[in-house]
1. Cβ-Cβ under 6 Å, sequence separation 6+ or interchain: first residue in the range 75-96 and more than 11 Å from Phe5 (Cβ to Cβ), partner outside any loop (DSSP other than H, G, I, E, B) and open to solvent by less than 30 Å² (accessible area, probe 1.4 Å). Which pairs?
2. Considering only the range 120-138, I want to know if a residue exists there that is in contact with a His (Cβ under 8 Å, 6 or more places away or on another chain), assigned to a strand (DSSP E or B), farther than 30 Å from Arg8 by Cα and modelled with pLDDT under 75.
3. Taking the range 54-66, which residues are within 21 Å of Leu21 (Cα to Cα) and open to solvent by 100 Å² or more (accessible area, probe 1.4 Å)?
4. Could you tell me how many of the residues in the range 48-81 are touching a Phe, Trp or Tyr at 6+ places or on another chain (Cβ under 7 Å) and part of a loop (DSSP other than H, G, I, E, B)?
5. Please go through the range 94-107 and give me each residue that is loosely packed, with under 14 Cβ neighbours inside 10 Å and assigned to a loop (DSSP other than H, G, I, E, B), ordered by number.
6. From the set of residues in the range 1-48 that are small (Gly, Ala, Ser) and in contact (Cβ under 8 Å) with a residue 40 or more places away in the chain, which is farthest from Thr85 (Cα to Cα)?
7. Among the candidates Met3, Met81, single out the residue that is touching a His at 6+ places or on another chain (Cβ under 6 Å) and aliphatic (A, V, I, L, M).
Amino acid sequence: MAMLFHIRHALRYVYAQPVFLEPTTLRLAPRSDPAQQLLHHELRVQPQPSGSSRVLEADGGEALVLWFDPLQHELSIEVEMVVRTTRANPFDWIVTHPPALVLPAAYPSAEARSLLACLAGTPGFRKDVTPLVSTPGGLRT
């Protein structure tokens, strides 16, 4: 059963004196994938940025980098979007790699490399430990 979400998010920063706004990265647009579709997205920023650049991040999400020239007294960001979810059951997936069923989970080498950035932010994750990689010959680091 699909669901429709209408989302509105607003941020407003007011400064006691004019400030230089460093380049600002906005991550305010969910990506479209087989589980959800972004139907409408409207972003309003005041003051108008001097420039902007859309970037594709490592996880496949899209971000928008804004920059501003003169000093500013405030920054206002508003976003409105409509998202349709298409997955009736969020748990309708299966584990296709059996070594990921036990802890610590082991992943194929391409997945293990892509997970390093996520694991680095996990409390207790030791950066000197490499995740287990599952190979045809068994597990390795």
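1. Ile77/Val45
2. Yes, the range 120-138 has at least one match.
3. Across the range 54-66, the qualifying residue is only Arg54.
4. Matching residues across the range 48-81 total 3.
5. Matches in the range 94-107: Ile94, Val95, Thr96, His97, Val102, Leu103, Pro104.
6. Ala10
7. Working: Met3 fails: touching a His at 6+ places or on another chain (Cβ under 6 Å).
Of the residues listed, the single one that is touching a His at 6+ places or on another chain (Cβ under 6 Å) and aliphatic (A, V, I, L, M) is Met81.
The values are calculated or read from the model by the stated rules, or taken from the named source; none is laboratory data. Quick caveat, the model's predicted, so the values are computed rather than measured. Ideal geometry is used to build each Cβ from the backbone, glycine not excepted, and the neighbour counts take in all protein chains shown. Keep in mind that these areas ignore ligands, DNA and RNA; they rest on the heavy atoms of the full protein, side chains included. Shrake-Rupley method; radii C 1.70, N 1.55, O 1.52, S 1.80 Å.
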